[in-house]
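The structure appears right after this line, and notes come after that.
The numbers here are math on the coordinates, done by the rules we state, and not lab data. This structure is a prediction, so every number in the text was calculated from the model and none was measured. Please note: Cβ atoms are built from the backbone with ideal geometry, for glycine as well, and neighbour counts cover all protein chains shown.
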Amino acid sequence: MTEPPKNAAAQVAPASPVEPAATGEAADVVIAARGVVRRFRRPRRSLLRPGPVVEALRGVDLDIRYGERLGIVGESGSGKSTLIRLLAGLDRPTAGSIRFAGREITRASERSLKFLRRDLQMVFQDPMGSLDPRMKVRDIISEPLVALGHPDARGRVAELLDAVGLPAAAADRYPHQFSGGQRQRISIARALAPRPKVLVADEPVSALDVSVRAQILNLLMDLVEDFSLTLVFVSHDLSVVRHLCDTVVVMHDGEIVERGPTADVYDHPTHPYTRTLLAAAPTLKQALAAHRARAVAEGRQG
Amino acid sequence: MSTAADTPLEASTPQATTRGVSDVLTVTDLGISVGPVPLVQDVSFGIGAGERVGLIGESGSGKSLTALSLLGLLPEGLRATGSVHLAGVADNLLGLRERRLAEIRGSLISMVFQEPMTALNPVMRVGDQVAEVMLLHRTQPSRARAAAAAVELLERVRLPDPASIARAYPHQLSGGQRQRVMLAIALANDPALLICDEPTTALDVTVQAQMLDLIVELTAERGTALLFITHDLAVVASVCQRVLVMYGGRVVEAGDVYDVFTAPRHPYTQGLVAASDLSLVDDRGRLRTIPGVVPGAGEFPDGCVFRTRCPRATAECERTPAWSGSPARGFACWHPVGGDQ
């Protein structure tokens with residue numbers, strides 16, 4: 001069932017990022033991270049000593065290509081959220097470099113990051129926490145446009161609401177008047193407003209019900225195709241990543257332990273941690289097969 | 001069995017015919033309402049000793065309210081009708097005074113909640129919290145004996161080094177460890193019924209798998225009846241033997257997990273199973289969905305609660321569908337999936 005390690009490693013190799021030492025990247029790479037380290041200092045526990053240091057990322061190299069749908073999976077504390085905060089320029093790494101479309105973003109001033117704020121947008125997990133409850137949907141969606149000096153913000157809002165499957169009348173209502181799935185549609189509309197090249201989604205469907213989750217995943221797929229987006233999708237749900245992404249990165253303890261085409265990684269995981277993760281994820285098919293086996297063992301046919 | 005009823009009242013499900021005297025829990029025609037607005041209606045089911053029953057549904061389906069009503073923990077302003085009988089208690093639990101309920105909670109029925117952080121007392125050592133439930137119900141004669149029993153319980157839920165965990169405060173433990181402590185508290189007095197409300201939703205997959213195994217093992221060991229609430233079909237299939245599917249405050253389908261998930265009869269169950277199977281896509285690579293959104297509480301249509309989103313709905317669905325089949329395997333639908341008998 002498991003491939004010999006050598007063979008499997010060879011399979012993943014073509015998809016691996018270019019040599020970490022290389023500074024220049026291929027023209028089709030939109031985000032290139034090299035040796036990214038992020039340390040956090042915990043609050044001190046003693047008067048005499050400084051707080052302990054936590055290494056959230058320990059030297060991550062990652063290339064994301066235009067049009068790629070990259071899934072980042074890992075458990076809590078694996079560093080996946082820290083990584084995407086750095087990629088989005090919301091935080092600075094302790095060491096290493098991150099280039100977006102060839103421009104270094106780790107040491108740039110906020111003012112010079114305007115291109116990043118336009119070209120990379122985020123969708124967060126909790127739509128209730130990421131939408132201002134006192135703003136109307138129109139203002140929420142047009143806020144990034146106003147900041148970028150867009151000439152026809154109002155017209156664009158109608159366009160965006162239509163793209164995410166909400167009625168135009170939604171613009172004059174407040175976030176609390178919508179269900180969880182509809183709120184996530186609003187978050188997506190806001191993210192798409194400045195016509196980004198890269199959409200980073202941090203667990204966008206894990207707070208949603210099953211039937212609504214399928215709707216939002218379909219919407220994301222439509223939008224990624226229609227607007228030729230590069231998608232970075234962070235999730236702890238392996239089946240969602242398998243469905244949505246063409247490439248997957250597995251993170252563990254602040255490191256990328258495996259990377260490759262989604263089907264290869266899921267069918268032939270090479271790293272022991274990936275195997276553990278895949279084995280632990282419950283799937284309906286496996287569970288039902290177990291029920292079947294038990295029923296047969298009990299001599300019950302049906 | 002499926003006699004068509006004219007009014008919603010008469011349509012109360014024939015599930016009500018209880019499933020035999022051996023049931024630990026028997027719920028008959030449970031209804032929950034806030035003022036005139038019904039939130040849960042006509043819910044009837046039974047759970048036998050050692051049986052594991054799943055209660056699934058999306059948010060707003062009434063599954064958590066159903067669980068809370070069994071414990072007498074409904075929020076203020078909500079009223080429960082019908083009857084809830086527990087083996088060993090003569091009276092209907094819904095009519096009991098708070099004092100009697102307090103004796104039952106934590107001893108005969110206990111519950112593990114979704115949020116292990118808010119359910120534990122942050123300023124009390126976890127060993128004391130496990131011991132407290134035994135002292136309150138006087139199942140251990142002294143503080144010292146209760147403390148020793150608490151350490152044993154922490155060991156039974158497979159916490160490493162239980163003696164030092166007992167001295168720790170909740171914030172010093174991980175999410176998975178806290179949830180194990182919750183389970184230790186819930187099982188401390190060897191309850192007849194354990195209710196778990198989304199106990200693993202906040203946990204990582206590897207921790208979730210261990211926690212689910214533990215729940216199955218410990219309930220099987222003691223013959224504890226389990227009511228397991230979740231929205232995750234894969235979780236319910238790996239834990240439970242039977243499942244109740246709720247939508248809009250009603251049980252729309254019930255039966256063995258295998259039967260319900262492989263051959264669903266209610267269109268809602270069918271939609272739910274299809275939407276959660278992420279390997280099932282159309283030729284454009286899109287997932288199956290249930291059209292529309294779950295209505296808000298009290299905004300469900302009368303008649304069949306699912307008719308506003310149902311692809312098979314007709315004028316007939318404006319009347320509440322009667323329960324078809326047996327209490328153990330049945331559904332409430334005028335136009336069931338898979339053959340119109």
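Some observations on this one:
- Fewest-first sequence of B:Trp323, B:Trp334 by Cβ atoms within 10 Å of each Cβ: B:Trp334, B:Trp323
- Coil-residue trypsin sites (Lys or Arg not before Pro) of segment B:269-341, DSSP, other Cβ within 10 Å capped at 12: B:Arg284
- Springs between Cα atoms under 10 Å define the GNM used for chain B, and in it the highest mean-square fluctuation of B:Thr118, B:Thr139, B:Thr201 occurs at B:Thr118.
- For segment B:129-238, trypsin sites (Lys or Arg not before Pro) meeting the loop criterion (DSSP other than H, G, I, E, B) and having at most 11 other Cβ atoms within 10 Å: B:Arg138.
- Fully extending the segment from B:Val37 to B:Ser59, taken as 0.36 nm per residue of separation minus the present Cα-Cα distance, adds 6.2 nm.
- Centre separation in Å (Cα based) which lies between segment A:242-261 and segment B:210-254: 31 Å
- Order of B:Cys310, B:Cys304 - criterion: other Cβ atoms within 10 Å of each residue's Cβ, fewest first: B:Cys310, B:Cys304
- DSSP-loop GluC sites (Glu not before Pro) across segment B:16-108, with at most 13 other Cβ within 10 angstrom: B:Glu76
- Residue of B:Gly249, B:Gly223, B:Gly95 that the Gaussian network model of chain B assigns the largest fluctuation, springs spanning Cα pairs under 10 Å: B:Gly95
- Between segment B:266-336 and segment B:40-86, the alpha-carbon center distance in angstrom: 21 Å
- Cross-link partners of A:Lys114 among lysines, defined as those whose alpha carbon lies under 20 angstrom from its own and excluding same-chain residues fewer than eight positions apart: A:Lys197.
- Loop sites here are GluC sites (Glu not before Pro) outside DSSP states H, G, I, E and B with no more than 11 other Cβ atoms within 10 Å. The longest part of chain A free of them is A:111-297.
- 10 Å beta-carbon shell around A:His236, net charge (K/R +1, D/E -1): -3
- As a proxy for reagent exposure, ranking A:Asp264, A:Asp222 by other Cβ atoms within 10 Å from fewest up yields A:Asp222, A:Asp264.
- Antiparallel bridge percentage (DSSP; both residues within the protein assembly as shown; nearest 5): 60 percent
- Rounded to the nearest 20 debye, the dipole size of chain B about its Cα centre is 600 debye, using +1 on the Cβ of Lys and Arg and -1 on the Cβ of Asp and Glu.
- Estimated from helical segments only, the mean residue ellipticity of chain A at 222 nm is -11000 deg cm²/dmol, where each DSSP H run of four or more residues counts as -39500 (n - 2.57).
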